[in-house]
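Structure first, commentary second.
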């Protein structure tokens, strides 16, 4: 039994328990958020001001100590697979996709918080890519709607990625918005240009994690093709809501050869209390 199968089994055993979503109020834990990188008092007009307090009504919150700790646990195996010792490296492990089976399971929420957590690392940066060009939740929540982005990079080979990547004042974090939706947007995600673009983004910064917020696997076939370019997949499951059969169907679409697939049980509640948490099962799936 693979680690992913064990995680699904654990999820299924808990599915009959009462599960409810309870958003945590924003907590201004400045020391936790900025313990490695100090911000200057000046304002750089070339940087996007990432106002996390303003984002909280959309489900994005300033990390409380609990949430920050959960995402530390989640990012560790991802970073080990991307930049660890030679024996633990996963091919293209620095390219990570966050997805789910169905819409509204919390993948965009997860992608943003994971990006914020990775950005706090001393030895790497993170590029958060809004690859869900239909919903564009990352783009909307960071107030980047209307700007050129991923779609334009895929449709125009002469466009430079540095012209559309948005640097933020949250040190270590840049964002590539979804761009303007087109008739053939879905086909662009599945095109050969996507592979070339990922190689280009990887070459420009060898210490960069490229984190895609991708469409749900069962919502569009392009996500399965997009996963071929990924070294790691973070798979979000809304615990107690998404049927086990749906999870297994979505996971079966992923290439199991050398790809690391992690399972996040989102909106789960500890039995010993009423605080929400994020369960996480992680491993390389068997072929």
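Laboratory data are not the source of any read-out in this text; all were calculated from the coordinates shown. Since the model is a prediction, treat every value here as computed from it, not as a measurement. We place every Cβ from the backbone using ideal geometry, glycine too, and count neighbours over all the protein chains shown.
Residues 228, 130, ranked from the fewest to the most other C-beta atoms within 10 Å, line up as 228, 130.
With both labels modelled 7 Å from their Cα along Cα-to-Cβ, the residue 253 to residue 143 distance reads 3.4 nm. Once the Cβ-Cβ distance of residue 76 and residue 202 is raised to the sixth power relative to R0 = 25 Å, the FRET efficiency obtained is 0.70.
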